[in-house]
1. Mind counting the residues in region 214-243 that are over 26 Å from Lys265 (Cα atoms) and assigned to a loop (DSSP other than H, G, I, E, B)?
2. Of these, Ser197, Ser228, Ser232, which one is modelled with pLDDT under 90, touching a strand residue (DSSP E or B) at 6+ places or on another chain (Cβ under 8 Å) and surrounded by 17 or more Cβ atoms within 10 Å (Cβ to Cβ)?
3. Scan Gly409, Gly397 and give me the residue that is modelled with pLDDT under 95 and open to solvent by 10 Å² or more (accessible area, probe 1.4 Å).
4. Are any residues in region 54-83 farther than 30 Å from Ser394 by Cα and free of Cβ contacts under 8 Å to residues at least 60 places away in the same chain, and if so, which ones?
5. Report the residue count in region 18-61 for those that are out of contact with any His (no Cβ under 9 Å at 6 or more places or on another chain), part of a loop (DSSP other than H, G, I, E, B) and either open to solvent by 20 Å² or more (accessible area, probe 1.4 Å) or of a type outside the set (Phe, Trp, Tyr) (or both).
6. Looking at region 352-366, I want the residues that are more than 18 Å from Gln379 (Cα to Cα) and have a partner that is hydrophobic (A, V, I, L, M, F, W, C) with Cβ atoms under 8 Å, at least 6 apart or on another chain. Which pairs are those?
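The values are calculated or read from the model by the stated rules, or taken from the named source; none is laboratory data. This structure is a prediction, so every number in the text was calculated from the model and none was measured. Cβ coordinates were reconstructed from backbone atoms using ideal geometry, including for glycine residues, and neighbour counts include every protein chain displayed. Heads up: the accessible areas ignore ligands, DNA and RNA and are worked out on the full protein's heavy atoms, side chains in. Shrake-Rupley method; radii C 1.70, N 1.55, O 1.52, S 1.80 Å.
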Amino acid sequence: MKKFISALLCVSSFSFASMIGLEALGQEQIAGGSAAMAGRGFAGNAKTGETEGVSVVNPARQAFDSKVVLNLNFLLDVSTADRSNSHYTKTGVSMPSMNLSFPMGDFGTIGLSLWQHYAASVREDVDNEEELWNAEIEYQSSVYELVPTYAIRLPFYRAVSLGASAHFVLGSFTRNLTLGPDNSAISSKDAWATTSSDISDYVSGDWEIKHHPAYYTFAAQYRGRMASYFFSFTTPYTLKNDLEYNFRFSETDTLAPTKCTREIKVPAMLATGVNYRINKRHNVMADVAWRAWDKDIDNVAGSWDMSKVTKTQNDFNISIGYQRDGSDIFYDAYWDRITYRAGAWYKNWYVEDVSEIGGSIGAGFPLGRKGMMLDLAIQGGVRLTDDDRNWSESFIGIRLGLLGVGSWGKTRGQ
């Protein structure tokens, strides 16, 4: 059994994103994970403009939109883990977010986002030919949020906007841990299971919010001549994961399933940010988001003496960024119409003793005269842990975003 746990811990240090928190919620995607935001270090939730659109952290921002914004985002991520002479690399492709905002003049702006908040994905086979044992480990979990938003500028003070959004949670979780035919590593209390069959611990379930259809974000923004500020509050909520456990022998023999529900209390989040504009086209920005976790997270766990909880800590994210806006005059030189970005961030994870440091560069390339843009961001960094395994993770990713800007619903000449 100790050998199996060692194999699990070994593989748990690898992922196409991160294996940290795999038994809890997985990796949390930084809010605002568009290619444009990623290119400036995930900062800039206070920045307004025709190409900004929806922000899940700051729904008040979209009130300043004058055109329809459609944004699709894709991520290619390569992650590695190192310890002593061991090295592992994993690659994955995902679509972390998409959003649409639609201005309605004096009636405000509505928007809709689909955002992957938490994710975990891995499938690995671990073999030991000398000792004739093997293990198969598979995790697939994703917590998506469908986020409708509304924002409006104050009629008596147009520099200030108010916004709100509802986060409807959907997603599923599956885990499959399989011991190969030689089960001599099983503890004595599980000796009855030492047959020539594969033994699998299969768990599956869905994600939802307990007692509520959604959780909510409320925000206010001030847009000044040179500087813009926002402040937002996201309500606490409890994630409910109804799980069914199946203990299987090969593919034909399954014990009676057992069911249980784990509940994860996610605390409220406070966020704020500033964007300062210099010489019209240069922007310097900084964002901060903070949550105070006060309860450990129940793990999926189940069999084989796996850890029952993931210890938590206060999590926060600090981002700083720079953006030089491209010229909006079509006849200017193409290089001058390109938007240039750079940024960095520090994130304290919700998992105890885990932190992340990252940096990025990016650019937005205009496509034609109608406002379409291709956003490109290259990001990289490290995740540091203080556990006794002493694994370190490094990652690099490429984000692509397709941005469409237009005046839908208006006739030509308006």
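1. 3
2. None of the others qualify; the one that does is Ser197.
3. Gly409
4. Asp65, Ser66
5. Total meeting the criteria: 29.
6. Val354/Ile20; Val354/Leu384; Pro366/Ile338; Pro366/Met372; Pro366/Met373
Rundown of residues vs (1) among the aliphatic types (A, V, I, L, M); (2) at positive phi; (3) part of a strand (DSSP E or B), yes/no style:
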{"position": "Lys295", "(1), (2), (3)": "no, no, no"}
{"position": "Tyr331", "(1), (2), (3)": "no, no, no"}
{"position": "Glu356", "(1), (2), (3)": "no, no, yes"}
{"position": "Ile361", "(1), (2), (3)": "yes, no, yes"}
{"position": "Gly364", "(1), (2), (3)": "no, no, yes"}
{"position": "Asp375", "(1), (2), (3)": "no, no, yes"}
{"position": "Gln379", "(1), (2), (3)": "no, no, yes"}
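Residue by residue, here is whether (1) open to solvent by 40 Å² or more (accessible area, probe 1.4 Å); (2) in contact with a strand residue (DSSP E or B) (Cβ under 8 Å, 6 or more places away or on another chain); (3) more than 28 Å from Arg175 (Cα to Cα) holds:
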{"residue": "Thr272", "(1), (2), (3)": "yes, yes, yes"}
{"residue": "His282", "(1), (2), (3)": "yes, yes, yes"}
{"residue": "Lys308", "(1), (2), (3)": "yes, yes, no"}
{"residue": "Ser319", "(1), (2), (3)": "no, yes, yes"}
{"residue": "Arg337", "(1), (2), (3)": "no, yes, yes"}
{"residue": "Ala342", "(1), (2), (3)": "no, yes, yes"}
{"residue": "Gly358", "(1), (2), (3)": "no, yes, yes"}
{"residue": "Leu374", "(1), (2), (3)": "yes, yes, yes"}
{"residue": "Ile378", "(1), (2), (3)": "yes, yes, yes"}
